[in-house]
Amino acid sequence: MATSAFARLPGFRDFPPEDLALRSHIQEAWRRVSRRYGFLEYDGPPLEPLELYVEKSGAEIAGQLYAFTDKGGREVAMRPEMTPSLARILGDRSRGMSKPIRWFAMPQLFRYERQQRGRLREHFQWNADIVGEDDVAADAEVLAVAIDGLRELGLTAADFRARVSDRRLLREVLRAQGVAEDRLAAAFGIIDKLERMPRDKARAALVTDAGLGAAEADALLDFFDSADIAAVQTRFGDRDEVGVELERLKQYVAALTAMGLGEYVEVDLRIVRGLAYYTGIVFELFDRQGELRAICGGGRYDRLLELVGGEPLPAVGFGMGDVVLGELLAERGLIPAYARSLDYFVVSISAEQRPEALRIAHALRDRGSSVAYSLKEQSVTKQLKAAAREGAREVLIVGPDELARGCVVARNMGSGGEREIALSELS
RNA sequence: GUGGGCGUAGCUCAGUUGGUUAGAGCGCCUGACUGUGGCUCAGGAGGUCGCCGGUUCAAAUCCGGUCGCUCACCCCA
């Protein structure tokens, strides 16, 4: 509605308290889980040099940047993702840091594209990364963080699943199926789109872009109908190169199973992910209903830090946005009701009690309680209505009779019961 | 960037083949109720009918454009 003279920019959100409550609910859960895993919080600038993204993330991302030329003639971009910033920050200081580095952030990210369901021009994204450890245990740890982030918000294995793959294994499978070295990138792109593409179109793409014969393409498509560990084993288990990669993926799944998270994990080699910098295990989290776009995506990116000019360090991490997650929580009825709350509301019977009421309110605030009172002189009825509206747990009624006896009346707003509190307890 | 659907009060919506001062519920404000909230009752504020133009004696209603929202495509954090 264009009632205001100044409308919001398309794709951007306002956060009045009732909406900020949901965002905080999500972010507090993310932060709790991050700390539980020993991750440290960091942040970076929301505006970065454009070139930080154009080469590193792939052409797809570069085309949809919120970018412009600043007053100093610099080409800049609102950050569309956090990983390049992380790589730069670590590039400057990782040499002096003990490994592995476990960091998390909750940046607001920006993309310039038309908004649609689950996708705005701005969102908050939880990032957690482990840098400096190439063992598959780090990959498992990172996925466990992501899964626990959702569990912390009340979601269960009935609500979402993690689909995992490994680009190294996929590469060996494609090679085994006859894809030439210089066609691997094209084949990756086709596999990534398999689920959104009609089968005959996929077959045609495999023939023209990946250089396969019609029979090979069909065989590959059959394989990707159920591209899990058993399928790989049955089909390509006799090849050593495949076996090595398969073993690592098995360890990955075994680690997550040992943590008790096995029911969340499904191996599916169709998961590739668009970003160019991923080098190993990749994963995406989806709602079980399959109605929403991916809730979370991540993987291993062992070359990125080096590309950005830092110490060559292996790394693995993920990003999880607040928009799709919020939709899933809403669908599952997991958004807590918004309610104002206050420990005390101080009511003055008349203007004469005002100074004493202010003194009491401030004494309670000094003790850490949340306290409010009517800012103008009002009838007791109105003050109580205000107290109820603001969610006060207890109302302190400061009246002449009680003050004369050295006390105030404390009214419990839930039960309606009243008791007296001595002024000596409120100093 | 392409295409579909939708724009009426703060919110959810009604508004008949175009017809006089555009309505309801919820919310908000005031009062009944200047020493006790939730309930009830009475009253009130709040609308360039997204915007611009056209057709017409007459437009919320029909037409065109535009902006916004939304869904899908493209693409994907």
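The values are calculated or read from the model by the stated rules, or taken from the named source; none is laboratory data. Nothing here was measured: the structure is a model prediction, and the numbers come from that model. Positions of Cβ are generated from backbone atoms using ideal geometry, with glycine treated the same way; all protein chains shown enter the neighbour counts. SASA here: full protein model, heavy atoms, side chains in, ligands and nucleic acids out. Shrake-Rupley method; radii C 1.70, N 1.55, O 1.52, S 1.80 Å.
Below, the figures for the structure above:
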{"read-out": "Largest-first ordering by accessible area, 1.4 Å probe, given options A:Ile349, A:Ile101", "value": "A:Ile349, A:Ile101"}
{"read-out": "Of all accessible heavy-atom area on the stretch A:17-331, the percent that carbon and sulfur account for (1.4 Å)", "value": "47"}
{"read-out": "Portion, in percent, of the accessible area of the stretch A:342-426 that falls on carbon or sulfur, probe 1.4 Å", "value": "49"}
{"read-out": "Accessible-area value, A:Arg183, 1.4 Å probe, nucleic acids and ligands omitted, Å²", "value": "80"}
{"read-out": "Distance in nm between pseudo-label sites at A:Asp225 and A:Gln108 (7 Å out along the Cβ direction from Cα)", "value": "4.9"}
{"read-out": "Extension reserve of the A:Ala176-A:Leu403 stretch, reckoned as 0.36 nm per residue once the Cα distance is removed", "value": "72.9 nm"}
{"read-out": "Sites A:Met197 and A:Asp366, calculated FRET efficiency, Cβ-Cβ separation with R0 56 Å, nearest 0.05", "value": "0.30"}
{"read-out": "Sum of -39500 (n - 2.57) over DSSP H runs of 4+, divided by residues of chain A (222 nm, nearest 500)", "value": "-11500 deg cm²/dmol"}
{"read-out": "Difference of contour (0.36 nm per residue) and Cα-Cα distance, A:Glu41 to A:Ala330", "value": "101.3 nm"}
{"read-out": "Pairs of Lys in the stretch A:17-331 closer than 27 Å at Cα, counting only those 8 or more apart or on different chains", "value": "6"}
{"read-out": "Compactness of chain A, expressed as Rg and Dmax over alpha-carbon positions, Å", "value": "28.3, 98"}
{"read-out": "Under 29 Å from the Cα of A:Lys382 - lysines, other chains or at least 8 residues apart", "value": "none"}
{"read-out": "Candidate aspartates and glutamates for bridging to A:Lys385, where Cα separation is under 15 Å - those fewer than 8 sequence places away on the same chain excluded", "value": "A:Glu377, A:Glu394"}
{"read-out": "Debye, to nearest 20: dipole size of chain A, +1 on Lys, Arg Cβ, -1 on Asp, Glu Cβ", "value": "1140"}
{"read-out": "Range in chain A, longest, excluding exposed GluC sites (Glu not before Pro) [loop by DSSP; at most 12 other beta-carbon atoms within 10 Å]", "value": "A:1-290"}
{"read-out": "Per residue solvent-accessible surface (Å²) - the stretch A:17-331, probe of 1.4 Å", "value": "43"}
